[in-house]
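Scroll down for the structure; my scribbles are underneath it.
Every number in this text was worked out from the coordinates using simple rules, so none of it is lab data. If you're wondering where the values come from, they're calculated on a predicted model, not measured in any experiment.
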Amino acid sequence: MRFANGWRFVGIAFGLAITGGGALVAGYAAGGLIFILSPLIAAIIVRALGGDGLRGLGVGLHGPIGWNLLAILLFPVAMAIAVGTGIATGGVELGPKGTAEVIAWAALGNLVPRMIFAACEEFGWRGYLTPALAANGVPRMTNHLIVGDRKSTRLNSSHRCISYAVFCLKK
């Protein structure tokens, strides 16, 4: 992977995320879609136009099927635990129509968009930035800490993480 493409990826991903977030705050619902898709769009643009090609985008199931199923099923289970804990502690108000059926349908309706968001994040950041850092000799633990920190901070304090990632790409 080329060094300049790492810069381009980070710039495009954050540029799209800031643009989409600003549009969402301004009242344009499509801004949320741009924000969610920004890492995936950036990865596709950089790979297609930057000469890296679309191979190795991070799409596909790897390893034993049991681990893949666990990864897919863990998300809805974690969501159910979070909603259940919120209800049990009073952190979630059910309202007059807050039956178990209504809650289940609301959680299910929210599950698919959240999984799409997670997939776009993974294909972009883990499917592009992680291999780019690895190709430039960044140790595995440092690589995963950089990408994990970026994912946990999104637009808040990512400048430190991105600066370090670009430093590592420079080597």
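Orientation-averaged projection of segment 1-53 equals 3.2 nm² [convex hull of Cα atoms, one quarter of hull surface area].
The equivalent ellipsoid of segment 25-124 has semi-axes of 33, 20, 9 Å, largest first, where each one is the square root of 5 times an eigenvalue of the Cα gyration tensor.
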